[in-house]
Amino acid sequence: MCYNIFGGKMIIICPDEIKNKYLQTNTIHQYKFYNLQEIKEKIYFKYHDLTLYAIAKEFQIKPAIVTEIMKSLYFINENYANKKLQKLSTIYKFLENKNYLEKDPNFLNSLTDEIIIEGYPLTKELNKIIDILNTKTKVTYKSLEAKYELKNIYEFPDAESEVRFVAENILELLHEKVDINKIFIMNVQNSYYNIISRVFSLFKIPYQIEKKYNLTSFNITKEFLEFIKTSELKVSELNEYLECLNNKYHDDQKILEIVKVLNKYFTLNDQLKDLYEIINFELNQIKLPSKKYKNVVKFVKNKNFKDDEYVFAISNNEGLVPKLIKNADYLKDEEKAILNLDLSFELNEINNNYQILQYQNIKNLTLSYKLNDSSGKYTISSILSSLEVLKYTFKNNALNYNNYLYKKEEKYDNSYTKIDFEDLKAYLNNSLNLSYSSMDQFFRCSFRYYLNNILKVEPVLETQATKVGKLFHKVLERTLKNNYENVDQIILEETNNFLNSDLKEKFYAKKLTKELKKVIERLQKREEKSDFRNTYFEEYLSIEKNSKLNIKVLGFVDKIMIFNDGINNYVMVVDYKTGTVGTDLTKIKDGFNMQLLVYLYLIKNSKFIKNPVLAGAYIEHILDDLKAAVDGKTYEEIEASANRLEGLTTKNKDVLAHMDKYYDIDSYIKGIKVKNDGEFYNYSKVYTDSEFDILLSYIDDNIKKIINSIEECDFKIDPKRYITAKPSDIVGCEFCPFKEVCYVNAKDIKILKETTYEELMGDNNEVD
């Protein structure tokens with residue numbers, strides 16, 4: 001719509017979504033835009049940066065309540081009999097005397113342009129603003145007018161049925177060639193998220209819930225807040241600490257957000273610990289949006305929809321849509337009546353009417369509601385109760401839709417689109433590290449590797465399991481370096497460093513302490529049976545590979561044990577694990593279960609150890625659940641069996657005897673079984689030097705495959721499934737954090753065949 005403009009730019013007061021509509025369809029220089037908050041600041045006042053601090057300190061009020069007070073002060077201008085309004089008047093005068101209310105006296109007098117207001121419901125507050133503006137210029141309020149008639153609404157017994165209904169209808173739209181970017185879902189309550197994730201994954205519908213994350217939920221902010229909690233520094237003395245913090249996390253965005261808040265308090269002489277509460281509050285108010293994606297169904301709160309867009313408005317239940325406003329604000333209805341502001345019931349009526357009008361401006365609208373969910377029973381929203389209620393018959397079981405979206409004639413395609421190598425090279429600064437974990441991800445699914453290790457889409461979240469793992473690693477490293485002395489002190493120090501002080505964590509710490517002592521005792525007993533000595537701990541190994549990129553293959557080995565016979569260094573590596581780890585060699589060829597062999601590969605090729613001879617590589621299970629009870633065996637015997645080293649062992653009996661003096665009787669190494677004649681059983685996991693070489697050649701081949709794919713920029717969606725596994729057992733999709741941006745199709749899954757030991761070793765028939 002066009003307006004006549006007299007004498008300059010037209011002022012438009014509207015939400016950002018309407019502003020964007022104008023900017024897309026008209027000449028930008030014709031308009032000057034304000035949202036409602038900005039125009040209030042122009043008409044009344046804008047708060048000084050230190051206002052929140054000043055009120056909280058002067059009147060001893062919590063920051064959260066101060067923000068509610070600040071919203072109310074625009075309408076305070078005289079003395080009141082009401083005690084709450086008296087207090088607000090006192091606060092107002094305090095701020096005025098301190099010059100914390102920044103007013104623009106010239107704004108109203110400078111108004112000559114026509115003003116249009118749209119996109120807001122006509123409340124008493126807005127009428128006050130219109131009356132003020134009308135004294136200076138012409139103001140036109142554009143009310144929302146109905147364009148389309150609402151006829152019916154779908155009823156469902158529960159939220160899951162409602163979501164499935166939406167999914168089926170979205171697939172129908174996609175089948176009819178509707179662009180997926182023109183499909184939206186409104187009114188998604190928090191209780192729907194898990195249901196949507198499950199149902200939409202089943203239907204293979206790509207979607208995005210545009211979430212916002214509190215700045216205080218990230219580790220960098222948590223560490224910063226923990227630091228200032230007891231710090232006697234001033235804000236102006238924080239530069240060095242912030243630089244160190246950024247060097248640790250390499251997160252400029254979050255550091256900048258923290259600095260923005262700190263800048264408000266730069267001139268204060270208060271110690272940081274005295275500002276902790278207010279800084280914590282301000283940081284908690286900052287929301288960081290998730291990355292936006294194309295070619296997904298979007299979940300929105302509201303927007304101006306175009307006539308070629310399709311909208312599913314769900315959860316139209318009483319009290320939810322529109323959200324019921326209760327008399328629970330800082331200003332209650334009693335105070336609102338005195339200030340001539342809308343009361344709760346009046347705001348509810350306004351919102352009801354406005355919600356209906358918003359719906360009546362959507363051409364392709366589908367309405368629905370539920371009757372039940374886990375929290376109780378629901379009724380239809382009263383604003384829609386006059387509509388015809390429809391029942392829906394589901395067309396098919398959801399499982400039949402797995403390939404529906406991906407028919408050849410469909411417009412939507414989930415395939416990976418290659419990128420230019422030179423762009424990749426520049427993005428990586430011509431360097432890339434390959435660790436065991438990143439290589440494992442590559443072979444599980446190269447697209448998963450690309451997102452995690454190239455684009456770094458998903459931050460690594462520290463789980464309780466990883467936290468415990470770090471604790472065990474640190475304790476064992478210090479204990480072994482200290483030759484088993486002061487064990488109790490080491491455990492106490494490290495446990496205190498890793499765990500919080502609440503009761504739950506203290507209880508957990510006691511359990512961990514017991515487990516740590518058991519592990520250390522077990523290691524001591526093993527060393528008594530071995531000539532191999534603990535030599536290196538948490539050791540970094542790396543080798544460079546020839547490539548178009550500067551590529552390093554690297555690994556962090558928990559423990560390296562060495563036995564020297566005067567000529568050779570026989571090497572045994574140990575990796576600590578708190579969970580299950582695969583060691584099945586039948587999958588080595590496909591790039592799985594490579595960890596131990598990667599470590600041996602690095603030792604063999606890095607020149608870190610002089611004259612290395614591979615003796616063994618093992619997983620040391622720590623904090624592991626015991627196996628089920630076995631008849632005829634004691635608890636100690638079951639425990640010992642469950643906690644044996646697991647991995648690969650040399651077939652050289654002389655070397656093995658130095659590793660485990662009692663290997664032929666009762667070895668602490670799993671997979672070693674000796675016959676009466678001294679020979680190994682066929683199923684024993686023991687290997688000759690040449691067999692080790694063959695296994696390491698597979699590691700070399702796999703590294704070359706990865707490098708070649710990287711150079712070719714080939715990161716297609718290709719999760720693997722073994723032919724003997726269930727269809728649902730897809731390696732790479734299990735626990736994948738990127739399901740929402742992947743949308744794997746059945747045709748993407750690569751079927752693998754397990755390799756037998758004979759196939760693995762080929763013609764190698766060497767015997768001792």
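Points to keep in mind about this one:
- Near pairs, Cβ below 7 angstrom, 6+ apart or cross-chain, from the range 318-329 (touching a residue at least 40 places away in the same chain (Cβ under 8 Å)) to any residue that is exposed (fewer than 13 other Cβ atoms within 10 Å of the Cβ) and part of a loop (DSSP other than H, G, I, E, B): Glu318/Thr379
- Test: residue in the range 233-247 that is closer than 30 Å to Leu365 by Cβ and exposed (fewer than 15 other Cβ atoms within 10 Å of the Cβ): no
- Assessment of the range 192-204 against the conditions (surrounded by fewer than 19 Cβ atoms within 10 Å (Cβ to Cβ), under 30 Å from Ala746 (Cα atoms) and in contact with a strand residue (DSSP E or B) (Cβ under 8 Å, 6 or more places away or on another chain)) yields at least one matching residue.
- Among residues of the range 205-228, those that are buried (at least 16 other Cβ atoms within 10 Å of the Cβ), within 18 Å of the chain's Cα centre (by Cα) and either within 21 Å of Glu168 (Cβ to Cβ) or not hydrophobic (A, V, I, L, M, F, W, C) (or both), counted: 6
- Count - residues of the range 228-264 that are in contact (Cβ under 8 Å) with a residue 24 or more places away in the chain and more than 21 Å from Asn214 (Cα to Cα): 8
- Only one of the numbered conditions (1) out of contact with any helix residue (DSSP H, G or I) (no Cβ under 6 Å at 6 or more places or on another chain); (2) of a type outside the set (Val, Ile, Thr); (3) in a helix (DSSP H, G or I); (4) at pLDDT 90 or above is violated by Ala167, and that is (1).
- Sole exception among (1) crowded, with 17+ Cβ neighbours inside 10 Å; (2) aromatic (Phe, Trp, Tyr); (3) touching a helix residue (DSSP H, G or I) at 6+ places or on another chain (Cβ under 7 Å) for Phe305, by number: (3)
- Here Tyr80 does not qualify as in a helix (DSSP H, G or I) and of a type in the set (Ser, Thr, Tyr).
- Any hit, the range 128-136, residues being modelled with pLDDT under 95, in a loop (DSSP other than H, G, I, E, B) and either of a type in the set (Phe, Trp, Tyr) or not assigned by TED's automatic domain parsing to the domain that holds Ser381 (or both): yes
- The requirement of being outside the structural domain of Glu282 (by TED's automatic domain parsing), surrounded by 15 or more Cβ atoms within 10 Å (Cβ to Cβ) and in a helix (DSSP H, G or I) is fulfilled nowhere in the range 144-157; no residue meets it.
- Residues (surrounded by 15 or more Cβ atoms within 10 Å (Cβ to Cβ) and either touching a Leu at 6+ places or on another chain (Cβ under 7 Å) or in a loop (DSSP other than H, G, I, E, B) (or both)) located in the range 312-323: Ala313, Ile314, Ser315, Asn316, Glu318, Leu320, Val321, Pro322
- Only helices (runs of 4 or more DSSP H) whose full extent lies in the range 646-719 are considered here, and the ones with at least 2 residues that are modelled with pLDDT of 90 or more are 653-659, 689-711.
- Restricting the range 348-371 to residues that are assigned to a loop (DSSP other than H, G, I, E, B) and out of contact with any Asp or Glu (no Cβ under 6 Å at 6 or more places or on another chain) leaves a set whose member that is nearest to Ser315 (Cα to Cα) is Leu371.
- Within the range 334-347, being crowded, with 18+ Cβ neighbours inside 10 Å and assigned to a helix (DSSP H, G or I) holds for Glu335, Lys336, Leu347.
- Qualifying positions in the range 649-698 - touching a residue at least 24 places away in the same chain (Cβ under 8 Å) and among the β-branched types (Val, Ile, Thr): Thr649, Thr650, Val655, Ile669, Val686, Thr688, Ile694
- Hits in the range 355-377 (condition: hydroxyl-bearing (Ser, Thr, Tyr) and either at pLDDT below 95 or surrounded by fewer than 16 Cβ atoms within 10 Å (Cβ to Cβ) (or both)): Ser374, Ser375
- Within this structure, Asn564 passes the test of being under 18 Å from Asp689 (Cα atoms), outside the structural domain of Leu480 (by TED's automatic domain parsing), modelled with pLDDT of 85 or more and surrounded by fewer than 20 Cβ atoms within 10 Å (Cβ to Cβ).
- Count of the range 52-77 residues which are in contact with a Ser or Thr (Cβ under 9 Å, 6 or more places away or on another chain) and either assigned to a loop (DSSP other than H, G, I, E, B) or within 15 Å of Leu283 (Cβ to Cβ) (or both): 3
- Exactly one residue among Tyr148, Tyr44 is closer than 30 Å to Ser386 by Cα and touching a Phe, Trp or Tyr at 6+ places or on another chain (Cβ under 9 Å), and that residue is Tyr148.
- Within the range 210-219, not a single residue is small (Gly, Ala, Ser) and either modelled with pLDDT of 90 or more or closer than 30 Å to Asn316 by Cβ (or both).
- Within the set Lys326, Lys273, the sole residue that is exposed (fewer than 15 other Cβ atoms within 10 Å of the Cβ) and assigned to a helix (DSSP H, G or I) turns out to be Lys273.
The values are calculated or read from the model by the stated rules, or taken from the named source; none is laboratory data. What you see is a predicted model; the values in this text were computed from it and never measured. Positions of Cβ are backbone-derived with ideal geometry, glycine not excepted, and every protein chain shown enters the neighbour counts.
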